[in-house]
Amino acid sequence: MVKMKVSLPKGTKDILSEEMRKYRYIENVFSEVCQNYGYGEINTPVFEYTELFQRGVGETTDVVQKEMYTFNDKGNRSLTLRPEGTAGVVRSYILNGMNSLPQPIKLFYMGKMYRYENVQKGRYREFTQIGVEAIGSLIPEIDVETISLLNTFFNKLNINDLQIRINSIGCKECRPKYNEILKDYYRNYLDDLCDDCKIRFEKNPLRLIDCKQHQCMAISKNAPYLLDNLCDECTDDFNKVKEGLDNLGIRYIVDKTIVRGLDYYTKTVFEFISENVGTQATICGGGRYDQLVEMLGGKPTPGIGFAMGVERLMMEIEARGVMLIEPKFPVLSMVTLGEAAYKFSSRIIDELRKEDIFVDIDVMGRGLKAQMKYADKMKSKYVIVLGDEEIKTNKCRIKIMESGQEKEISVDSIVNRIKENKI
RNA sequence: GUGGGUAUAGUUCAGUGGUAGAGCGCAAGAUUGUGGAUCUUGAUGUCGUGGGUUCGAGACCCACUAUCCACCCCA
């Protein structure tokens, strides 16, 4: 037999039980907070038709242009592993006629996302996001509530010092006007811009001010900001967002350079920033998407949401100290001597397991001493040694592992004692 | 796509051109019915892959691959 050499695709990882417990924990906290804010859970497919992301996320974005896992299925349909969660949720909103349900529609999710890009700290090709989408409300109160939900969630995890940055990137009224203002400014420096920015100048001028290249940063430093060129409605809404956050005592800073890399964002955008995730400082990013539902074929409907990188969140938590979430330990380990005793004991174990009690018995064919060692390593609370003698006399000893103390009980009473936790 | 670091046991890592190593973990044993401490013993290696230099390469050189970090972008 030729042995296969197994390996892991780049940017993926196995999540083993110790780490899986942390995922579960985060998921549970998130789920509880979301439900208290009126959100219901949704689980959409990991792959969708490619077109959904092309149209939803935007043709000019890096995500669509170079980071999608796209393939044809056997029916020659182009499918793509989801690079983000919002497009799928909005697709589901449209397809399931959620516009005829009481508004707004509030949904949360947790799932794997896929982006084909080079791996580094806090960035993987398969990663986990938790996020929410609130679809149907046009007013800024929902923006505030969304940020407040995040704030509550982080508080529950004892993370109270993330920096919240907010900005407004305007609507379909003021953005085109601003784009012209921005292009007027950049036109004088066109030759000095990096190659990417020359393309951005034509296709997506807003992203010019987000460029991190030295020569471009020098130019963007004095560029006019969208925030200073908003229409009256957007200005008004942004002020209400700030007032709302102030009202709830949520601290934030206005960062005029946040533009977000996904095309669907409008008006309020925000990020939660950490210092513990390497250069990938954004733990969570989100914002409004007032045209997305319409772009994907639904009736004009506003929406807002965010997505959080669970792996990045986990780094943030770890940086504050070890995140120890203990597994369950067996209440009882049965140590058996001989086949008859094993069969007898396995019936006891089976009965207790059916009562949802965590109990254990050796299935390695080990000797008594090795079974004791194993019970110790498994951190069992009690151990009972059963041989023919105990079965015949109906008397056995239960050992309390922590103290080493032993107590004599009848074999008949084992199940009830463990069930009622009376030793 | 571009740059830099790294690649040796399950894992963390030593290893000066001359026999493949340690800690941890795993397994067996130290009075044939009792765990934790200690001790003994054991198993697991294509030394990332392929070339080259050399009497001799885990080590030196080249290429490739993987991995980590960074640029771009994002969660």
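Any chance segment A:260-273 includes a residue that's closer than 26 Å to A:Gln163 by Cβ and assigned to a helix (DSSP H, G or I)? Lay out the reasoning, then the answer.
Initial filter on segment A:260-273 (closer than 26 Å to A:Gln163 by Cβ): A:260-273.
Among the residues that remain, those that are also assigned to a helix (DSSP H, G or I) are: none.
Within segment A:260-273, not a single residue is closer than 26 Å to A:Gln163 by Cβ and assigned to a helix (DSSP H, G or I).
Looking at segment A:234-247, is at least one residue at pLDDT 85 or above, crowded, with 16+ Cβ neighbours inside 10 Å and in a loop (DSSP other than H, G, I, E, B)? Within segment A:234-247 (the criterion being at pLDDT 85 or above, crowded, with 16+ Cβ neighbours inside 10 Å and in a loop (DSSP other than H, G, I, E, B)), the answer is no, since none of the residues qualifies. Among the residues of segment A:400-423 satisfying the criterion of being in contact with an Asp or Glu (Cβ under 9 Å, 6 or more places away or on another chain) and under 20 Å from A:Lys328 (Cβ atoms), which is farthest from RNA strand B (Cβ to nearest atom)? For segment A:400-423, the residue satisfying everything is A:Lys419.
Of all residues in segment A:246-266, exactly one satisfies the criterion of being touching a Ser or Thr at 6+ places or on another chain (Cβ under 8 Å) and closer than 13 Å to A:Glu141 by Cβ, namely A:Leu248.
Give the residue, chosen from A:Lys407, A:Lys419, that is in contact (Cβ under 8 Å) with a residue 12 or more places away in the chain, surrounded by 11 or more Cβ atoms within 10 Å (Cβ to Cβ) and farther than 15 Å from A:Ile348 by Cβ.
Working: A:Lys419 fails: farther than 15 Å from A:Ile348 by Cβ.
One residue alone meets the criteria, A:Lys407.
Restricting attention to segment A:272-307, the residues that are more than 8 Å from RNA strand B (Cβ to nearest atom), small (Gly, Ala, Ser) and within 25 Å of A:Leu157 (Cβ to Cβ) total 3.
Among the helices (runs of 4 or more DSSP H) confined wholly to segment A:308-393, which include 1 or more residues that are charged (D, E, K, R), surrounded by fewer than 18 Cβ atoms within 10 Å (Cβ to Cβ) and away from RNA strand B (no atom under 13 Å from the Cβ)? Quick ask: steps written out before the conclusion?
Details: elements: A:310-319, A:339-354, A:368-377, A:388-393.
Counting at least 1 such residues, we get A:339-354.
Only one of A:Thr152, A:Thr146 is touching a strand residue (DSSP E or B) at 6+ places or on another chain (Cβ under 8 Å) and away from RNA strand B (no atom under 13 Å from the Cβ). Can you tell me which?
Just a single option satisfies the conditions, and that option is A:Thr146.
Residues that are over 17 Å from the mean Cα position of the chain (by Cα), without any contact (Cβ under 8 Å) to a residue 40 or more places away in the chain and in a strand (DSSP E or B) within segment A:274-288 are absent altogether. Applying the criterion of being in a helix (DSSP H, G or I) and polar (S, T, N, Q) to the residues of segment A:148-166, the residue that is farthest from A:Tyr23 (Cα to Cα) is A:Ser148. Taking first residues from segment A:40-66 that are free of Cβ contacts under 8 Å to residues at least 40 places away in the same chain and among the β-branched types (Val, Ile, Thr) and partners that are within 16 Å of RNA strand B (Cβ to nearest atom) and assigned to a helix (DSSP H, G or I), the Cβ contacts under 8 Å between residues at least 6 apart in sequence or on separate chains come to A:Val64/A:Phe53; A:Val64/A:Gln54; A:Val64/A:Val57.
When A:Arg91, A:Arg21, A:Arg115, A:Arg82 are checked against the criterion of being in contact with a helix residue (DSSP H, G or I) (Cβ under 9 Å, 6 or more places away or on another chain), assigned by TED's automatic domain parsing to the domain that holds A:Leu149 and touching a residue at least 60 places away in the same chain (Cβ under 8 Å), a single residue qualifies: A:Arg91. Selection of segment A:368-404 for residues being of a type in the set (Gly, Ala, Ser), over 39 Å from the mean Cα position of the chain (by Cα) and farther than 16 Å from A:Arg347 by Cβ yields A:Ala370, A:Ser403, A:Gly404.
The values are calculated or read from the model by the stated rules, or taken from the named source; none is laboratory data. Keep in mind that what you see is a predicted model, and the values were worked out from it rather than measured. Positions of Cβ are generated from backbone atoms using ideal geometry, with glycine treated the same way; all protein chains shown enter the neighbour counts.
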